[in-house]
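A.B. asks: Before we start, here is the structure in question, set down as structure tokens.
Every number in this text was worked out from the coordinates using simple rules, so none of it is lab data. Values in this document were obtained by computation on a predicted structure and should not be read as measured data. Counting neighbours? That spans all protein chains shown, and the Cβs are built from the backbone with ideal geometry, glycine included.
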Amino acid sequence: MSQSKVLTHLCPNCGGPLLFDPKSQKFHCQYCLSTFTEEEVTAFEAKQEDKGIPEDKGIPEESVSEVPLEADTAESPIDDQVGLFVCPSCGAEIVTDATTASTFCYYCHNPVVLSERLSGKFLPEKVLPFQIEQKDAEKAFLDWVGKKKFVPKDFFDKKQIKQLQGVYFPYWVVGADLEGQLQARANRIRVWIVGDLEYTETKQYQVIREGKSTFQDLVKNALKKNEPEKMVGAVQPFDLSKAVSFKNQYLSGFLTEKRDIEYAEIKERVDSELRQYSEALMRDTIQGYTAVTSVQSQQNIKNLESDYVLLPLWLVTYRQKNSDKLFYYAMNGQTGKTAGILPVDKMKVVLVALLIFISVLILGVIVGWFVS
Ligand SMILES: [Zn+2]
Ligand SMILES: [Zn+2]
């Protein structure tokens, strides 16, 4: 929990805090307005780190650029605690949840990355950088809320929009090959009539299917507090071909949650899901029969791979007055797909209902007037 474990990625030019810019996919300094590529930032930081290393260690240049992360990757006991960190910029203490891996300093608003929480066994394989920037996310949010008639006013006032946050959430991305076999009984019935006689022909078949299937990019939530919320699933899919090798610079300017669900905990569920998919593919090839019964299948999972990946979401959550119910708006930070559940202002609903009633009444009066 030492100070060195908290990082703010700094501008090589002026030392100001760097933020990741989704539009250019580069790192932007708000102070001197410079932009840098990931390679430039990494090379600069490696050089800085180098200055702190005694010369006789003689680390070759090539290997330095490969070590952007903390060197001591020993698993640390801080993982399941609420963390207290010291802001490298202003020295204030930052209190975080056990799963926070990047955030802003509450006092100086500098972006900070708690790099230790994303190292060792918690080092993500990949990160999918944000592609939609805050401005566009805000606009989309306003458009979306604007279309919903019964939303309470304070849900979409400016204060609420400030709460729109870019968050990297942790996921398991699973891929596997399956080899399977499926057996079933099937019959085909044919009925025809000759004169007074009705003929029924029943042909019985034993159906056998064998095959291989490959699955990739099955995305599974890896954060306990997201389990009850459907928002994370609702904005899928993500195009994971755009994911890049993890570098914690990408987190600069966003919130990041680290995983607290291990793959072992979901393995059984995922295995059975994969088997079901594979079985369904085989089952779908059995066609043209009147009935298919006693289906038996065996699906063996091979080459299972599970990658720990961080994926981007824009998020607003909202708790309605006098109620514990949580409402949310979520947007896929890559594709812009949105989902959400909005609160409903009952007064607005009543008013509209009343208006409709009144206009119906007026219409009724007019019609009545014409008829009489
Ligand atoms: Zn700068
Ligand atoms: Zn600070």
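A.B. asks: Once amide H atoms are placed 1.01 Å from N in the peptide plane, what residues at a sequence separation of 5 or more from V112, or on another chain, have their amide H within under 5 Å of its amide H?
C.D. replies: Counting only residues 5 or more places away or on other chains, the set is T103, F104, C105, G253.
A.B. asks: Could you line up R259, R283, R117, R188 from fewest to most neighbouring Cβ atoms inside 10 Å? Write out the running numbers ahead of the final one.
C.D. replies: Details: R259 23, R283 17, R117 26, R188 13.
Ranking R259, R283, R117, R188 by Cβ neighbours within 10 Å, fewest first, gives R188, R283, R259, R117.
A.B. asks: Roughly speaking, what % of Cα-Cα pairs in the stretch 165-341 are separated by over 29 Å, rounded to a whole number?
C.D. replies: Cα-Cα pairs in the stretch 165-341 separated by more than 29 Å: 44 percent.
A.B. asks: Residues with amide H under 5 Å of G333's amide H, sequence separation 5 or more or different chain, H placed in the peptide plane at 1.01 Å from N; which?
C.D. replies: So G333 has HN proximity to L313, W314.
A.B. asks: Continuing with this model, one more query. Quick one: 3J(HN,Hα) in Hz for the stretch 215-224, Karplus 6.51/-1.76/1.60 with θ = phi - 60°, rounded, Gly and Pro as x.
C.D. replies: 10, 9, 6, 7, 9, 10, 4, 10, 10, 4
A.B. asks: Normalised by the residues of the stretch 165-341, what does the relative contact order come to in percent, with Cα pairs under 8 Å and at least six apart?
C.D. replies: Averaging sequence separation for qualifying contacts and normalising by length gives 39 percent for the stretch 165-341.
A.B. asks: Can you pick out the pairs among K139/K242; K51/K258; K121/K224; K26/K258 whose Cα atoms lie more than 26 Å from each other?
C.D. replies: Where the Cα-Cα span goes over 26 Å, the pairs concerned are K51/K258.
A.B. asks: Taking the radius of gyration and the Kirkwood hydrodynamic radius from Cα positions alone, what is the Rg/Rh ratio for the stretch 189-283, to two decimal places?
C.D. replies: Radius of gyration over Kirkwood radius for the stretch 189-283 works out to 1.31.
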